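The values are calculated or read from the model by the stated rules, or taken from the named source; none is laboratory data. As the structure is a computational prediction, the values presented were derived from the model and not from experiment. Don't worry about glycine lacking a Cβ; one is built from the backbone with ideal geometry, like all the others, and counts go over all protein chains shown. Ligands, DNA and RNA are stripped out before the accessible areas are found, and what is left, the full protein with its side chains, is counted by its heavy atoms. Shrake-Rupley method; radii C 1.70, N 1.55, O 1.52, S 1.80 Å.
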Amino acid sequence: MSDRSVLEERLKALEGKGYPAYKSIKGVWQFPGFSLEILYVQGDPYATPSRVRVLLPADFVRLPEFVLKERSRRLGVASFLARAFAAEARGGSRAGGSGKSGHILMESPGQQVMPQTAVQIASHGGVEARLQVGLPARGRRIMGKAAAQLLCTTLPELVETTLRAAAHPEDTLLLHAQVNEDGHALRSTLPERGLVAFVADGALLPRRSGVEDTPMEESHVVLFRSPDSLRVTIPVPHAGEVTGMGIPLGITLIVGGGYHGKSTLLRALECGVYNHRPDDGREQVVTLPDAMKVRAEDGRSVAGVDISSFIAPLPDGTDTRTFSTANASGSTSQAAAIVEALEAGASTLLMDEDTCATNFLIRDRRMQALVPREREPITPFLDRVEELRDDGGISSILVLGGSGDYLDVADTVIAMNRYLPEEITARAREVASAHPTGRLREVPAPMAEPGIRIPDPDSVDPSRGRRAASVKVRDTETILFGQVELELHALEQLLSRAQARGVSEALLLLRTQMDGHTPLPQLLDGVMGQLEERGLDILGRGTDGDLAGFRRLELAGALNRLRGLRVH
Ligand code: ADP
Ligand code: MG
C-alpha cells in the first residue's frame, strides 16, 4: 500500500507520457481515512472510463447505529448515498482534455430502492463505493497534473461531501432508512391480510412524463384516496398506522373512462414490487413481490411453451403444447408470457388492455355466433381467469375500459373517476345481471398442467468472436447476449439499465448451470439462491459498480425471449 502523496507524485510524473503509462497506477492507495483502489485502467481517453472503488471504514463514515441494524435500512441509505455521490459528481468541473477526460461517474439508483453495487453498506458500517473515472489526456498524452488533481483532490472531496454521514443531516439518513424499512414491512404484511396490493392514502402516483420516473409536480396532482369500502389500516415500524386501499386476492378490474388514471394506478402497482425512495410518492404503494405485468409482444420468439390452455392447435397444424416461434402474434405472445410467468413463480398477473391483444382478452357473444368455436383456436383469458384463481391461487388485476364481459367474473371492481378510485363491485354485479351478455363459456378442457421445460445449453451461446462469453447492455431494453440481440422492452418491471446489467450477467451464470437435465425453475432457484446468499458480486467481475438486483421473473423473462433458445 502506498499513500496519497506517492500517487500524486507518480501522476504528475506521468505528464506528457503516452496513455498506456497510466497502467502503472493500478492497485490500492491509502488516503487519509479511506483507501482508493484502481481496479482497471482504460486503454485510451475515449474508451470506457477506468474502474475505481473507494473503501471507507466504519469509523470514517460514522453512519448512525440505527441505520446499520437492519438490511432494509442499509439498502435505503446506500441508495441515498449513491444518488448523492452521482449527482455531485455530475455537477463537478471537468479537467478538459479529450474524450471522457476528467469525468467521474457513478451509476445512480433511480426512484426505486433495491440492492445495487454502486454503494454498499456492510452490517459493520463500512462503505464501498464503485465509480468510473476518465483519466485525463490531451490526445493520447497523459495530463498528469489534471489526473493528480482529479484523483487526489476532487475525488476525496466528493467522498467527504457525499459518502460520510456528517455530510448529511442525520434526519435525512434516518428517513431513508425508515421509509425503506416501512416499505418492506407494508409488503410483507400483504399475504396475511389476503391482499395483492396496497396503495396508501396520500400517495402520488403519476409521473412527470413518460420518460421521467420522478413524481408529477404537486400542483397538478390529485393525491390518492382509498374508497371507504376498501380502506385498511396497516401499522408499520416508523410511519405508524398507514391507511389506504387494499386490493384483495382474486380478480380485480380497474375500470373507468379514458384519461381517468387507470393505467397510472396499474403502473404504480407494477412498480410496487420494489420499494421507493422518500418523496417519490409511491413509497407506500406495495404489491406482492411476485406480481407480474404481462402484455402482448408480437414478433418475440417463444421456445417450447405449452400455450394449449389458451390456444388450440393452429390452422397450419402447429401443436401448441410445445409452441415455438421466432415471430409470435399478439395473442400467442401474451399466452406464452402468462405461462412463462406462472412457470417462474408469479402469483399475480397484471394486465392493461392498452397493451393486450383484444382477441386474447375477449370473444363476445356476437363473435361466438359469427365465427364458430371450431374455427377459433383462442380460448380467451376471460374463460380462464377464474380457473387460474380457483385452481392455481393466481390473482389478476385487469385495467379495462372497453369490455364489460369481465363483470361476470370480477371479485372486486374499482372505478377510476378523475384520478380517484371508487369501489363499484355491487353496481357492477347489478349491471351484469341486468345486461346478460349471453356469451357461452368456451373451455374445451381444463387448463394444461404446467409442462417441464429443460433448456438446452447448446442453444444458449454467449460467445462472440474470440470471447467465450460476452454480454453487453445497450440500454434498459436491449442486451447483446453473445451474437444475439435480446429485446426486453416487454418486461415492463425491469426498470433500469443496472437491472438489465444484472440480468445479463445472471444469464451467463444461468448458462453455466444448464446441464441438459435440470428444468428451468430449478435453474432459476439455483441462481437466485446464490444471489440471495452471496450478493450481486457473484456476477460479472465481482467488482462491478453498475449492477442492480432483479427478480427471478425478469431473469426467466429474459431467457425466454432469447432467440435460438431450445428446450426439451
Ligand atoms: P387511463 O389509463 O385511464 O386512460 P392514464 O392513467 O393514462 O389514464 O392517465 C391519463 C393522464 O392523467 C396521464 O397523463 C397521467 O399522467 C395523468 N394522471 C394520472 N393520474 C393522475 C393524478 N392522480 N393526478 C393528476 N394527473 C394524473
Ligand atoms: Mg390507459
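Angle, helix 497-513 long axis vs. longest principal axis of the chain, Cα atoms, 0 to 90°, nearest 10? Long axis of 497-513 versus the principal axis of the chain: about 80 degrees.
Work out, in µm²/s and without decimals, the Stokes-Einstein translational diffusion coefficient of the chain at 25 °C, 0.890 mPa s, Rh from Kirkwood over C-alpha pairs.
Working: Rh = 25.7 Å.
In µm²/s, the coefficient is 95.
Within the accessible surface of the range 276-416, defined with a 1.4 Å probe on protein heavy atoms only, the carbon and sulfur portion equals 47 percent.
Placing a label point 7 Å from the Cα of Gln513 along the Cα-to-Cβ direction, the residues of the range 449-466 whose backbone N falls under 14 Å of that point are 455. Computed extension gain for Asn417 through Asn359, at 0.36 nm per residue and net of the alpha carbon distance, reaches 18.2 nm. The heavy atoms of Lys293 present about 20 square angstrom of accessible area, all protein chains included, probe 1.4 Å. Normalised by the number of residues in the chain, the mean separation of alpha-carbon contacts (under 8 Å, six or more apart) gives a relative contact order of 13 percent.
Classification of the range 26-81 by its C-alpha gyration tensor yields an oblate form. The axis ratio a/c (a ≥ b ≥ c) is 1.5 or more, and b/c is at least a/b.
Annotation for Arg138 and Asp458: the two label points, set 7 Å from Cα along the Cα-Cβ direction, are 5.9 nm apart. The charge dipole of the range 287-440, taken about the Cα centre with unit charges on the Cβ atoms of Lys, Arg (+1) and Asp, Glu (-1), comes to about 380 debye, rounded to the nearest 20.
Within the full protein context, the accessible area of Ser226 is estimated at about 10 Å² for a probe radius of 1.4 Å. If each Cα of the range 172-295 is one equal point scatterer, what is log10 of I(q)/I(0) from the Debye formula at q = 0.11 Å⁻¹? The computed values of log10 I(q)/I(0) come out as -0.35. Counting 0.36 nm for each residue step from Lys145 to Ala13 and taking away their Cα separation leaves a gain of 46.7 nm. Charging the Cβ of each Asp and Glu at -1 and of each Lys and Arg at +1, and nothing else, the dipole of the chain about its Cα centre rounds to 2240 debye.
Keeping the other protein chains in place, figure out the carbon and sulfur percent of the accessible area of the range 1-61, with a 1.4 Å probe.
Values: 1520 of 2720 Å².
Exposed carbon and sulfur together represent 56 percent of the surface.
Here the range 63-110 is assigned +1 on the Cβ of each Lys and Arg and -1 on the Cβ of each Asp and Glu. Its dipole about the Cα centre then comes out at about 80 debye. The range 256-294 and the range 113-187 have Cα centres lying 29 Å from one another.
The count of lysine pairs in the chain with alpha-carbon distances below 21 Å, taking only pairs 8 or more places apart or on different chains, stands at 14.
Spacing of the modelled spin labels on Glu170 and Ala326, each 7 Å from Cα toward Cβ, amounts to 6.4 nm. Take the range 1-130 with all the other protein chains still there, run a 1.4 Å probe, and you get 41 Å² of accessible area per residue. In the full protein context, the range 445-568 carries 44 Å² of accessible surface per residue, based on a 1.4 Å probe and ignoring ligands, DNA and RNA. Peptide packing: for 441-450, 384-393, the average count of neighbouring Cβ atoms within 10 Å per residue gives the ranking 384-393, 441-450, highest mean first.
Most simply put, the chain has about 75% antiparallel DSSP beta bridges, counting only bridges with both residues inside it. Between the range 328-352 and the range 388-417, the C-alpha centres lie 16 angstrom from each other. Taking the longest Cα principal axis of the chain as reference, the axis of helix 262-271 is set at about 50 degrees. Solvent exposure of the range 261-318 amounts to 28 Å² per residue of accessible area, where only protein heavy atoms count and the probe is 1.4 Å. Surface composition of the range 170-263: carbon plus sulfur atoms hold 53% of the accessible area, using a 1.4 angstrom probe and ignoring ligands, DNA and RNA. Kindly identify the range 447-568 as rounded, prolate or oblate by the Cα gyration tensor criterion: order the square roots of the eigenvalues as a ≥ b ≥ c, call it rounded if a/c is under 1.5, otherwise compare a/b with b/c, prolate if a/b is larger, else oblate. Judged from the Cα gyration tensor, the range 447-568 comes out rounded (a/c under 1.5).
Looking at the square roots a ≥ b ≥ c of the eigenvalues of the Cα gyration tensor of the range 313-411, which shape do they give, rounded for a/c under 1.5, prolate if a/b is larger than b/c, or oblate? Oblate is the answer for the range 313-411, as a/c is 1.5 or above yet b/c matches or exceeds a/b. Across the range 380-390, computed HN-Hα scalar couplings (Karplus, 6.51 cos²θ - 1.76 cosθ + 1.60, θ = phi - 60°) run x, 3, 3, 8, 10, 5, 6, 4, 4, 5, 6 Hz from first to last residue, x flagging Gly and Pro. To the nearest ten degrees, helix 330-343 and the longest principal axis of the Cα atoms of the chain are 70 degrees apart.
Suppose the chain between Ala122 and Gln30 were pulled fully straight at 0.36 nm per residue; how much longer would it get relative to their current alpha carbon spacing? All intermediate terms of the calculation are to be shown ahead of the outcome.
On the way: separation 92, 0.36 × 92 = 33.12 nm, distance 1.99 nm.
Taking Ala122 through Gln30 to full extension adds about 31.1 nm, to one decimal.
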